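Asker: I have a structure here, written as structure tokens, and I will follow up with some questions on it.
Readers should treat all values here as calculations from the given coordinates under stated rules, not as data from a laboratory. Keep in mind it's a predicted model, so treat the numbers as computed, not measured. Positions of Cβ are generated from backbone atoms using ideal geometry, with glycine treated the same way; all protein chains shown enter the neighbour counts.
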Amino acid sequence: MSYKKDGSYQTVCPRDCFGVCSLNVTVENDKVIKVKGNDSNNNSQGYFCLKGASYPKRLYHEKRLRKPLLRDKETNTLHEISWDEAYEVIIEKLDYYKKKQSTESVMYVSGWGHTGIFNGYKNGFWSQYGPVITTYGSLCMAAGSTAVKYSYGSPIKHNHNSDLLNSKLVIVWGANPANTNIHRMRYIKTAVKTGAELIVIDPRVSETMIAGSVRIHPIPGTDALLAIGIAKLLIEKDFCDHEFIERHVLGFDTYQMELEKYSMSEILKETGLELAQIEMVVDAIRRNKVYALVSGTGKTRYTNGGQTERAICILPALTGSIGISGGGLYFTDNQQPKVILPFVPTDKMKAKIHVGKFAEELKRQTPDIKMLWIEKANPLTSSPDVNQMRAVMKQLEFIVVVEHFLTDTTKLADLILPAAMFSEKDDLIAVYGDSYIHLLQKLTEPLESCKSEPEIYRALGQKMGFDLKHLPLINESLIDDVLNHNDIKTTYKTLSKAPYLEDTYSEIAYADYKFNTPSGKIEIYSERMKVLNQNPLPAYVSSKENTTYPLQLFSSHAAERLNSQFTEMKLSKRNSKPTVQIHTADAETRHIKDGDLVKIYNDRGEIKVLCQVGEDVLKGCIHLSEGWGDDYHASVNKLIKGRSTDIGDGTAFHNCLVEVKK
């Protein structure tokens, strides 16, 4: 029996992405047959990407998991079991570890493979089971978001993407919106066509570097020094807006003195840039003191990432380019009200393991941790230090993974539970790409015996005698109750037609010049940084890894994948095989030619990929898109040590030196 009548329905893509695309989904005979863009969202405006278009094929992909799989320990083979059998195994294990040791012998790990607000439903189960171990920190943008919060206050917000059309100068720094934020990129392209200058700062030739753009390529990890150099010249040449600074900025004079510690010769040597290149950026700002700074997370994935973002994000404040049309800092935009699930008890999980140092810290606690539950994550592809993590996970007694497809992580799982996806569950979506609250509608029954995580937790809770008021059925009535509890003036039915935007949403961020910092101003000097044992002023500390390997490895997101998701779809022939970019000079000294198969290695591991030789990456650096797994022999995280960023408990993926040979 069909869940919904045949027809077209409004929904949203729930991926961890800036896009947050509103979609129209056509359903026939309880199957999704077509996905189109929906213009009810003033950010996505009917546009969407290859990944969204692939949902009909991905939902019914031949390799999608359909039934629970249990591993036979003796033969190391998987065989299908029923859900009742799966629940029985899980309950037996949970009871055993709780009685034998404690609930802290169980660890829960979750990623952002799905971004729904009902991800918090898990606490309704685990809080009743007892305190379990979990992770803290972020694999993504925590260093940068913490830096922006400490500088500008909270919530993080930026001008609406459409305001880029009013910009005469756009500086894109450490971001590649052509691959990661297609809606913003549309406006950047239009702005350039109508006369705006575009400067893109990135250590490689990125897809955002469209015709006519100025390309600046600093050595990876030195972006803070480049920002410091720009600030020095803006101040020395008196291009700053002193009236704005006096009224709205804290710490300018102190920072001006701090900048004297940095010589321009040191900045040029460390960044690998010429003075003329930095002067070109400064001169563009002189001509356009109101400009848009699009700041990304690529440059924050170093051990100095937080201070790097602080040095960069305060630059628009120096010329008064904040709170005004055509200007502003673009980092993330989540002005929507925060949604609390009223039925979920207080979280009793114990966050003891940094997500970026998962392998190292799990190894340290392995004697105490026996069982691992993983959902919405694929750490054996997406987390650092994969080889060590695999070795540690093999020592655990029991691993449960909730997944859509077989992944590198499921290869070590004892029990694999097939998860519902996209159109097969109800949820509320509110993330960093826009300020809407969206409804993800359940439009079809889950494929065969797939189940959503809340369905799994509710069934387990019922069998274990838990209070089901903390594990309610997710339906229209419950979602209306959640919205009402959070005083959000909309309903399930209304959201099924269009996403919700608060009346308080501001298309021009900080137009009221109210900054939720201790001083009420933009804080170049942040006293709160002292609590983190950091310089209260933006500062540069080298992030170079202390090894003898000669090449700096950094990675980025590919347009056709989302971390390790969508790898099975092969959406792009051009990027269907993992390829490393290397500079011509580095290739020549290693007798490597374009198209050769090469080995990239260091003390932590090795991978084998095809090689692209040219000038698209700096000499001394190599670049490879992330997300490839063991099936491609190209899991970049085999080479990367788990490290945290200076602030925000982010993950320093890019502190990594390697060697390459044919």
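Asker: Per DSSP H run of at least 4 residues, take -39500 (n - 2.57); add these up for the chain, divide by its residues and hand me the 222 nm value, nearest 500 deg cm²/dmol. Display every interim value, and only then the final one.
Answerer: Numbers: 22 runs with 180 residues, N = 662.
Result for the chain: -7500 deg cm²/dmol, rounded to the nearest 500.
Asker: Using all alpha carbons of segment 30-147, what is the percent of pairwise distances in each 10 Å bin, ordered from the shortest bin to the longest?
Answerer: 9, 22, 32, 24, 12, 1
Asker: Which residues in segment 410-441 place their backbone N less than 16 Å from a point set 7 Å from the Cα of Glu92 along the Cα-to-Cβ direction?
Answerer: Flagged as within label range: 414-416.
Asker: In Å, what Rg and Dmax follow from the Cα atoms of segment 270-355?
Answerer: In order Rg, Dmax, the Cα atoms of segment 270-355 give 19.0, 59 Å.
Asker: By a straight-distance test (C-alpha under 20 Å), which aspartates and glutamates pair with Lys570 as possible cross-link partners, with residues fewer than eight away in the same chain excluded?
Answerer: Asp16, Glu62, Glu207, Glu403, Asp408, Glu560, Glu626, Asp630, Asp631
Asker: Can I ask one more? Separation between the Val214 and Arg247 pseudo-spin-labels, each 7 Å from Cα along Cα→Cβ, expressed in nm?
Answerer: 2.8 nm
Asker: For segment 474-523, what D do you get in µm² per second when you plug the Kirkwood radius from alpha-carbon pairs into Stokes-Einstein at 10 °C and 1.306 mPa s?
Answerer: Details: Rh = 13.5 Å.
Value of D from the Cα-based Kirkwood radius: 118 µm²/s.
Asker: Highest mean first, what order results for 617-629, 455-467 on Cβ atoms within 10 Å?
Answerer: Going from most to least packed, we get 617-629, 455-467.
Asker: Mind listing the phi-derived Karplus ³J(HN,Hα) values for segment 83-91, rounded to whole Hz, using 6.51, -1.76 and 1.60 with θ = phi - 60°, and x for any glycine or proline?
Answerer: Ordered by residue, 3J(HN,Hα) equals 5, 4, 5, 5, 4, 4, 5, 4, 5 Hz.
Asker: Sticking with this structure for a sec: Out of all Cα-Cα pairs in the chain, roughly what percent, to the nearest whole number, are more than 48 Å apart? Before the final figure, lay out each step's value.
Answerer: Working: 28846 of 218791 pairs.
The share of Cα pairs beyond 48 Å in the chain comes to 13 percent.
Asker: Want the number for Asp72 to Met464: 0.36 nm per residue separation, take away the alpha-carbon distance, what's left? Mind showing how you got there, number by number?
Answerer: On the way: separation 392, 0.36 × 392 = 141.12 nm, distance 2.51 nm.
Here the segment from Asp72 to Met464 would lengthen by 138.6 nm.
Asker: Continuing with the same structure: What aspartates and glutamates sit close enough to Lys73 to cross-link, taking a C-alpha to C-alpha distance under 12 Å and skipping anything fewer than 8 places away on the same chain?
Answerer: Answer for Lys73, where 12 Å is the Cα cut-off: Glu397, Asp414, listed by chain and number.
Asker: Same structure, new question: Simple spin-label model, 7 Å along Cα-to-Cβ: Lys100 to Ser2 in nm?
Answerer: For the pair Lys100/Ser2, the computed spacing is 5.0 nm.
Asker: Quick one: of the DSSP bridges fully inside segment 565-662, what percent are antiparallel, nearest 5? Can you show the working numbers first?
Answerer: On the way: 13 of 18 bridges.
Of those bridges, close to 70 percent are antiparallel.
Asker: Something else about it: Suppose a student asked you for the relative contact order of segment 611-662, using Cα pairs under 8 Å spaced at least 6 residues apart; what percent would you report? Walk me through the numbers on the way to the answer.
Answerer: Numbers: 30 pairs, mean separation 10.2, N = 52.
With pairs under 8 Å counted, the relative contact order is 20 percent.
Asker: Sticking with this one: Loop only per DSSP, at most 10 neighbouring Cβ atoms within 10 Å: give me the GluC sites (Glu not before Pro) in segment 160-260, ordered by residue number. Could the numbers behind the result be given before it?
Answerer: Working: sites: Glu197, Glu207, Glu236, Glu243, Glu246, Glu258, Glu260; in loops: Glu207, Glu260.
Counting only loop positions with at most 10 other Cβ atoms within 10 Å, the GluC sites (Glu not before Pro) in segment 160-260 are Glu260.
Asker: Any idea what the relative contact order of the chain is, in percent, if you count C-alpha pairs under 8 Å spaced at least 6 apart? Kindly include the intermediate steps, with their values, before the conclusion.
Answerer: Details: 1492 pairs, mean separation 138.3, N = 662.
21 percent.
Asker: Okay, next question. Full-extension gain between Phe239 and Ile33, please, as 0.36 nm times their residue separation minus the C-alpha to C-alpha distance.
Answerer: Details: separation 206, 0.36 × 206 = 74.16 nm, distance 5.64 nm.
My answer for the length gained is 68.5 nm.
Asker: Given contacts defined as C-alpha pairs under 8 Å and at least six residues apart, what's the relative contact order of segment 551-640, whole-number percent? Provide the component values of the computation, followed by the final result.
Answerer: Details: 168 pairs, mean separation 35.4, N = 90.
So the answer I get is 39 percent.
Asker: If you rank Phe653, Phe515, Phe239 by fewest surrounding Cβ atoms within 10 Å, what's the result?
Answerer: Details: Phe653 27, Phe515 22, Phe239 16.
In order of increasing Cβ crowding within 10 Å: Phe239, Phe515, Phe653.
Asker: 5 Å is the cut-off here: which amide hydrogens, built 1.01 Å from N in the peptide plane, fall below it relative to Val172, excluding neighbours closer than 5 in sequence?
Answerer: Correct list: Ile199, Val200, Ile201, Val294.
Asker: Hey, could you pull the Cα Rg and Dmax for segment 551-640, both in Å?
Answerer: Expressed in Å, the Cα Rg and Dmax of segment 551-640 come to 12.6, 37.
Asker: Quick check: residue separation of His61 and His591 times 0.36 nm, minus the Cα distance between them. What number comes out in nm?
Answerer: Working: separation 530, 0.36 × 530 = 190.80 nm, distance 4.17 nm.
Length gained between His61 and His591: 186.6 nm.
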